[in-house]
Every structure is written in structure tokens, then in C-alpha cells.
Amino acid sequence: MSEPKISLQHVYKSFNGKEVLRDLSIDISPGESLVIVGGSGTGKSVTLKHIIGLLQPDRGHVVVDNTDLCCMHAVELNAFRRRFGMAFQEGALFDSMSVFENIAFPLRRHTKMSEDEIRQRVEECLEDVHLHGVEKRRPSELSGGMRRRVGFARAISLKPEILLFDEPTTGLDPVISDVVADLIVEMDEKLNTTTVTITHDMKVAFKIADRVAMLYRGEIIEEGTPEEFQRSENSIVQQFIEGRAQGPLTEE
Ligand SMILES: Nc1ncnc2c1ncn2[C@@H]1O[C@H](COP(=O)(O)OP(=O)(O)OP(=O)(O)O)[C@@H](O)[C@H]1O
Ligand SMILES: [Mg+2]
């Protein structure tokens, strides 16, 4: 097996005495699409934030390309984050800026590209997410699905090696969710990225995952290909897949 692109090793994290991650370990291979599922408040977003070094583990290690993030200085960490494209919950677009300026933002900030180069790169990114003729619009003037696409276009502008999506389809209707899930599959393949997605929509998870992992009480309790995951004999996993109120899973 090749070296993992991302390796979480025995990660522990508490906030104000509350343990959120407890001995969490998982390896993600180069080019893999991993989906992490789990109930609300189980630490999914916290896990993603560890992967980009926005949070540090209390114990354990986060290793990306054989480099332990704990050993990086702020300057290194900033350069390191450029290798990631992130599309977090609800897109987090700047509403005071046009779509064009939103996508150009990371390019202006992190590169010395000329105006012409920026224009060309923004065009390419918009093409990659199948958006046309919306450059001058404000995010607030677009539909929810289109806003997600703009967020994705911004996430890929610096040609990242790793894409992270936190709840990319939350708040979208089932049809648009499916379209957005298709787009994630397409981007992952075309851009050849290692992709980590968080969702609690199992249909989306099974569509985009090479491997699904379920987070429960701070640990990965099940992982496998979508087929393996669906066949899991773990009653917590089965309850989550079926979305049943009755079972071992309760509100935390
Ligand atoms: N910076 C922080 N300071 C204090 N507590 C935090 C912080 N970040 C997360 N938490 C807590 O950690 C727990 C897990 O949060 P997290 O955002 O990872 O959940 P999640 O699995 O992403 O849930 P959701 O599905 O609702 O997005 C929650 O109890 C949350 O309140
Ligand atoms: Mg979250």
C-alpha cells in the first residue's frame, strides 16, 4: 500500500473538559475519496479542522504527506494550507463581492498572477463547476445549489491536492443534493485530489465515497467501501443508515 496522504493517529481532543475526539485514527490514501458520517455534534467538523491544522490535538498526531502538523510553524502552516481546497458549511462566500471576486480572492491573496491570468483561472474554475454567466452576480442572488458551486470553484482556484467538504449538501433539496454530489465525484476524478467529505446524507455518502467511515463518540466505529458499510452488522451503523429513531443511537 502507498503511504497515506493524510494520517490521523490516536487523536484526542477535548473542549472545556468535554472529550470530543477519543483515540481517533484513520489513514486516507492519495486520490481516495473518504466520507465521514456521524450524528450532529459528534466531532466531524472538529476532525476536518485537525486535518488542515486549524485545531491541534491534545494528544496524538495529524500527518499529511509524512509531515506532522504539530511541528509546523505558523508560516509553514499557512503555505501548507494552500494545498487544501475547503468548502465548508453553507459556502461561506463574501456577500459583498461578486462571484468573480469571490473566486479571484485566493488568487489575489496567495499568488502574483496578473489580471489576465486571474480572469482566465476564474473562467476555468467556473467551467469546472458548470457555471456560466454569473461572474457579476452577488452570491445572494443565486440559488442554494449555485452558491455551493461558487464555493467549490473558489476551493479549487489554487489547484489543491486535497479537497475538504463539510456538509456540502445541507439545506439543498434532494435533487440538487444529487447534482452537487455528482459534481463532487466529477471534481475528485478530474482534479485527481484526495477528498474528505463530511455529510449525514447517506445517499450522498454512498455516491461519492470510495470509503465511508462513521464517527461515534469520538471514534471511528466502522469503515469500509459503501457496499461493506451497508452490510455492517453494527447496530449503531444500521440505525444511522436507516435513519430510525429506535436503537442504540440517542441524542447526545
Ligand atoms: N472551538 C470549539 N470550542 C468549544 N467547543 C467546540 C469547539 N468546536 C467544536 N466544539 C464542540 O465539539 C463538539 C463537536 O463539534 P463538531 O462541530 O465537530 O460537530 P459535528 O459532528 O460537525 O456536528 P454537526 O453535524 O452539527 O455539524 C460539539 O459539542 C461542539 O460544541
Ligand atoms: Mg459540523
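The values are calculated or read from the model by the stated rules, or taken from the named source; none is laboratory data. This structure is a prediction, so every number in the text was calculated from the model and none was measured. When we count neighbours, we look across all protein chains shown, and the Cβ atoms used for this are built from the backbone with ideal geometry, even at glycine. Keep in mind that these areas ignore ligands, DNA and RNA; they rest on the heavy atoms of the full protein, side chains included. Shrake-Rupley method; radii C 1.70, N 1.55, O 1.52, S 1.80 Å.
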Name every residue in region 63-81 that is at pLDDT 90 or above and assigned to a loop (DSSP other than H, G, I, E, B), in order of residue number. D65, N66
Restricting to region 192-210, what's the tally of residues that are out of contact with any Leu (no Cβ under 7 Å at 6 or more places or on another chain), within 16 Å of ligand 1 (Cβ to nearest atom) and open to solvent by less than 80 Å² (accessible area, probe 1.4 Å)? 6
Given (1) surrounded by fewer than 18 Cβ atoms within 10 Å (Cβ to Cβ); (2) within 13 Å of ligand 1 (Cβ to nearest atom); (3) within 24 Å of R149 (Cα to Cα), where does Q56 come up short, assuming only one miss? (3)
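Can you tell me which of E223, E186, E167 is within 16 Å of ligand 2 (Cβ to nearest atom) and either in contact with a strand residue (DSSP E or B) (Cβ under 7 Å, 6 or more places away or on another chain) or not assigned by TED's automatic domain parsing to the domain that holds K18 (or both)? First the steps, then the outcome.
Values: E223 fails: within 16 Å of ligand 2 (Cβ to nearest atom); E186 fails: within 16 Å of ligand 2 (Cβ to nearest atom).
Testing whether each residue is within 16 Å of ligand 2 (Cβ to nearest atom) and either in contact with a strand residue (DSSP E or B) (Cβ under 7 Å, 6 or more places away or on another chain) or not assigned by TED's automatic domain parsing to the domain that holds K18 (or both) leaves just E167.
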How many residues of region 190-206 are assigned to a helix (DSSP H, G or I) and out of contact with any strand residue (DSSP E or B) (no Cβ under 9 Å at 6 or more places or on another chain)? The answer is 2
Residue selected from region 1-23 under the condition without any contact (Cβ under 8 Å) to a residue 24 or more places away in the chain and within 8 Å of ligand 1 (Cβ to nearest atom), by the criterion most open to solvent (accessible area, probe 1.4 Å): N16
Would you check which residues across region 24-49 are within 13 Å of the chain's Cα centre (by Cα), in contact (Cβ under 8 Å) with a residue 40 or more places away in the chain and either within 11 Å of ligand 1 (Cβ to nearest atom) or open to solvent by 10 Å² or more (accessible area, probe 1.4 Å) (or both) and list them? E32, I36, V37, K44, S45, T47, L48
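I need the full set of residues from region 211-241 which are open to solvent by 70 Å² or more (accessible area, probe 1.4 Å) and either of a type in the set (A, V, I, L, M) or within 13 Å of V37 (Cβ to Cβ) (or both), in order please.
Applying the first criterion (open to solvent by 70 Å² or more (accessible area, probe 1.4 Å)) to region 211-241 yields 217, 219, 223, 227-228, 230-231, 233.
The answer is E223, Q230.
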Within region 195-209, restricting to residues that are within 15 Å of ligand 2 (Cβ to nearest atom) and under 14 Å from G39 (Cα atoms), the one that is modelled with the lowest pLDDT is H200
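Based on this model, can you work out whether G85 counts as more than 16 Å from ligand 1 (Cβ to nearest atom) and either open to solvent by less than 70 Å² (accessible area, probe 1.4 Å) or over 30 Å from G144 (Cβ atoms) (or both)? Steps first, answer last, please.
Details: more than 16 Å from ligand 1 (Cβ to nearest atom): yes; either open to solvent by less than 70 Å² (accessible area, probe 1.4 Å) or over 30 Å from G144 (Cβ atoms) (or both): yes.
Taking the combined requirement at face value, the residue satisfies it.
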